[in-house]
Every structure is written in C-alpha cells, then in structure tokens.
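Quick notes on the structure that follows.
The values are calculated or read from the model by the stated rules, or taken from the named source; none is laboratory data. The structure displayed is predicted, hence computed values, not measured ones. So basically every Cβ, Gly included, is an ideal-geometry build from the backbone, and we count neighbours across all protein chains shown. Each accessible area value is taken on the protein alone, full model and side chains, heavy atoms only, with ligands, DNA and RNA left out. Shrake-Rupley method; radii C 1.70, N 1.55, O 1.52, S 1.80 Å.
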Amino acid sequence: MTPIVECHCKPFALNDQLTIDGSRRGTYARYDKFMPVVFGDCVFDRASRELTCRGAAVHGGPKLLALLELLLDAKPRALTKDEIHKSLWGATFVSDATLTSLVAELRAAIGDDARSPRFIRTIHGYGYSFFGEVSAATPHPGSDGLTTTYRLIVGDREIVLPVGDHVLGRSGEVSILVDEAGVSRQHARITIDAHTATLRDLGSKNGTIVNGSAVEGPVRLTDGATILLGATALTFRIVEAIGSTETLTVRSRTNL
C-alpha cells in the first residue's frame, strides 16, 4: 500500500470545508493533511514541519510539533495522557511532568494561556484537547487548474499571505512586524481575497512606496512588485502550480 506521505492531493475548495450541520467550525482532520492550517496568529505547515506565530518562526523541537499535530488531528476529541504518551514516546517511560512541560512549551509558542485558554484545554485527570478555531491556509484554485499562493520575500525569508488582511508595521499587535525606525506602528495593509492582492497605506508618517511610486489609494499588487516601508524593501510574489499534481508548502519566516 502506498504511504499517505507520497499521495499528492488537490486541496478542497473553501465551500467543501463545512461540517455536517453547515457551519464553518470544521476540524483539522477534514482538510487535506498537506495544507498549511491557521489558528489565531499561527500557521502550521505539516509538510515542511514549520510553525510560525505572529509572522515569526517557532524554533521548537520535533516533539512540540508532533504534539500540536496530534491534538489537531484529534480535534475536537480530547486525548488521554496515555494516548499522547504512546504516540510521542512509544514504550519509553516518561513522567507526567515531561508531558506537562511539553504542553506548557507548546502553549507559550502559540500564545495560549492555561488559565484562560484559546486553543488547548486541560481536562484534569484525563488529558488535553485542541478546541480553537482552525482553518485551512488554502491556495486559490483558478479556472485553468492552477493554484495560487501569495508571499512576501525579504532576502531568503518568506512570509505566506493567506486570505484576509495583513497589517505591516512596528507595533507588537500587527500581523507582520517591520522593526525599523522609519516605519509607523500600523504602516500599511495587504488584503488577499480569492483573486487579487491589494495594498493600502494606513496614514503612515513616511508613506509607502510600490514600484517607485507613493501609495495614495488602493494599489493592486502584481508579481514581483517591490514594496518599500522606511528603508525596508519587500518583494511581493505570486506563485502558481498545478493543483492536481503538486503539493504546495508554505515557508513563513519573518521578523523583518
């Protein structure tokens, strides 16, 4: 039997990501296992084994990512501590304290709080469950059979831009942090929809430049566009691939 890791599947369309009752509270297991998924400010790409939160790569060990993957796959079912132990460590004996420490490390990585959790719930005397909202960071299928992903590139660093709004700036609350003195706290916003990518300046002090021209209104971004925020130059890329035969992976590395 061919291992599942060798299967290249076309991603589900957004309308297919519905639960039986028609709501959009679908579980991770309903999505193509190769798709990057989004929860809160985090993107988990199982294919490339990368977890990014608030635009920054999380440098956790393989057990941390394995625990996250395990909880997402089981969502919304709670896993017992014994199930988690067997999955992560097999027959090797480890104490409950080791699992508790790993859960705490994962919570810190994804910005969760044990006292007021958004993602990982502790079931005392039983185990853990992932209960936060999860959606697929889907590439966009076109009529020609191609799938499209959008990215920002700075040097060898790449940031995936799923559907939605992405604010760039110097504030700790923005989607993409550009830590440079000439950049405003909320400097510009890139909006990705099903077919286009649009940039708007958010009234920044020094303005935003796209392809050498100051942004004065909504600007539609094209492949290879150069975006200048202060002294930081970013390249916008539109990447296409044949969706039915190729699995797209997203590498989201930042801290610009």
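Tell me, please, whether a residue that is assigned to a loop (DSSP other than H, G, I, E, B) and of a type in the set (S, T, Y) can be found in region 90-102.
Checked against the condition, which is being assigned to a loop (DSSP other than H, G, I, E, B) and of a type in the set (S, T, Y), region 90-102 yields at least one hit.
Return the residues of region 187-225 that are farther than 17 Å from T148 by Cβ, part of a strand (DSSP E or B) and open to solvent by 60 Å² or more (accessible area, probe 1.4 Å); say none if nothing qualifies.
Residues satisfying the conditions are R189, R200, S213, A214.
Restricting the first residue to region 38-61 and requiring it to be under 19 Å from L168 (Cβ atoms), which pairs with a second residue that is assigned to a strand (DSSP E or B) and open to solvent by 30 Å² or more (accessible area, probe 1.4 Å) meet a Cβ separation below 7 Å and a spacing of at least six or different chains?
These pairs meet every condition: V38/S135; G55/L177; A57/E50.
Could you say which residue among G55, G26 is at pLDDT below 50 and touching a Leu at 6+ places or on another chain (Cβ under 7 Å)?
Just a single option satisfies the conditions, and that option is G26.
Is it fair to say A91 is at pLDDT below 95 and farther than 18 Å from P117 by Cβ?
Answer is yes for this residue.
Can you tell me how many residues in region 31-86 are buried (at least 19 other Cβ atoms within 10 Å of the Cβ) and among the hydroxyl-bearing types (S, T, Y)?
Adding up the residues that qualify gives 2.
Go through region 161-186 and give me each residue that's over 15 Å from V215 (Cβ atoms), in contact (Cβ under 8 Å) with a residue 40 or more places away in the chain and not in a loop (DSSP other than H, G, I, E, B).
Scanning region 161-186 gives I176, L177.
Residues being at pLDDT below 75 and assigned to a strand (DSSP E or B): count how many of those fall in region 136-160.
The total comes to 5.
Can you tell me how many residues in region 103-126 are assigned to a strand (DSSP E or B) and over 15 Å from D41 (Cα atoms)?
Total meeting the criteria: 3.
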